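The values are calculated or read from the model by the stated rules, or taken from the named source; none is laboratory data. All values reported here derive from a predicted model rather than from experimental measurement. Cβ: placed from backbone, ideal geometry, glycine included. Neighbour counts: every protein chain shown.
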Amino acid sequence: MKKVLLLLSATLVFSCSQSTTTTVDKAVRTDSSVIKVQDSKRGADLSVKIDLPSSFTTKASVNGTPAKQLVDVKSLVVYLTTDSAGSLTGLVAGSQNTFSYPSGLTNGSKYYTFSNVPAGTYYAVAVAYDGSTTPLNIVKGGGLAVSSNMATVNSSFAYTFNPVSPANFTITLQLADAVGAQLDSAVTVVAGSPLPGNNSTVNAQ
């Protein structure tokens, strides 16, 4: 009987020593979406955090355009590129994806994960669009937002970020500012004294 108990105890100790616990950042995973870059199961998983600061409150103006708010963002296009300027010239095949938000966004941060990323050096890019029939780019200046850091994946699919912290792509996506109304005013020009000519002499007082 003692031999059986000793054997069971040893088995339990061995089982406990083999188990591992992985801590997952629930705040990040709650709103995460995965973009599968390639079908291969080999590759790095790179996360990107997109921050959308709230727009300033502006006074209403006739025939003006109000500043874009989070609720105006109906879709986000996210992709990886090898170009530091974020252009599609260096687009990583399979990394571009459109995330739809019919009701707009309700918070200022979004998290996504690029899965199975091959070896290379990358930047993450995000563009926001409204819900019009022909979606309009509502990023400030009508451009795109590029990550403030880059990631390098080596041949073993281990990766590093530069800067090293945070350990994910970070994008701050500014929405378009308000455009004020244009006010026209009539100006009446009244004839006055002629200005001095080239041959005139002006006496300083």
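Observations, loosely collected:
- Checking each residue in the stretch 91-122 for being surrounded by 12 or more Cβ atoms within 10 Å (Cβ to Cβ), more than 17 Å from the chain's Cα centre (by Cα) and assigned to a loop (DSSP other than H, G, I, E, B) picks out G94, P118, A119.
- Residues satisfying the stated conditions in the stretch 72-87, i.e. touching a helix residue (DSSP H, G or I) at 6+ places or on another chain (Cβ under 8 Å) and either closer than 19 Å to P53 by Cβ or not in a strand (DSSP E or B) (or both): T82, D83
- Scanning the stretch 71-90 for residues that are among the aliphatic types (A, V, I, L, M) and either touching a residue at least 60 places away in the same chain (Cβ under 8 Å) or surrounded by 18 or more Cβ atoms within 10 Å (Cβ to Cβ) (or both) yields V73, L76, V78, L80, A85.
- Some residue of the stretch 153-160 being outside any loop (DSSP other than H, G, I, E, B), within 16 Å of the chain's Cα centre (by Cα), modelled with pLDDT of 90 or more and closer than 30 Å to D45 by Cα: no
- Scanning the stretch 126-148 for residues that are of a type outside the set (G, A, S), part of a loop (DSSP other than H, G, I, E, B) and buried (at least 19 other Cβ atoms within 10 Å of the Cβ) yields I138, L144.
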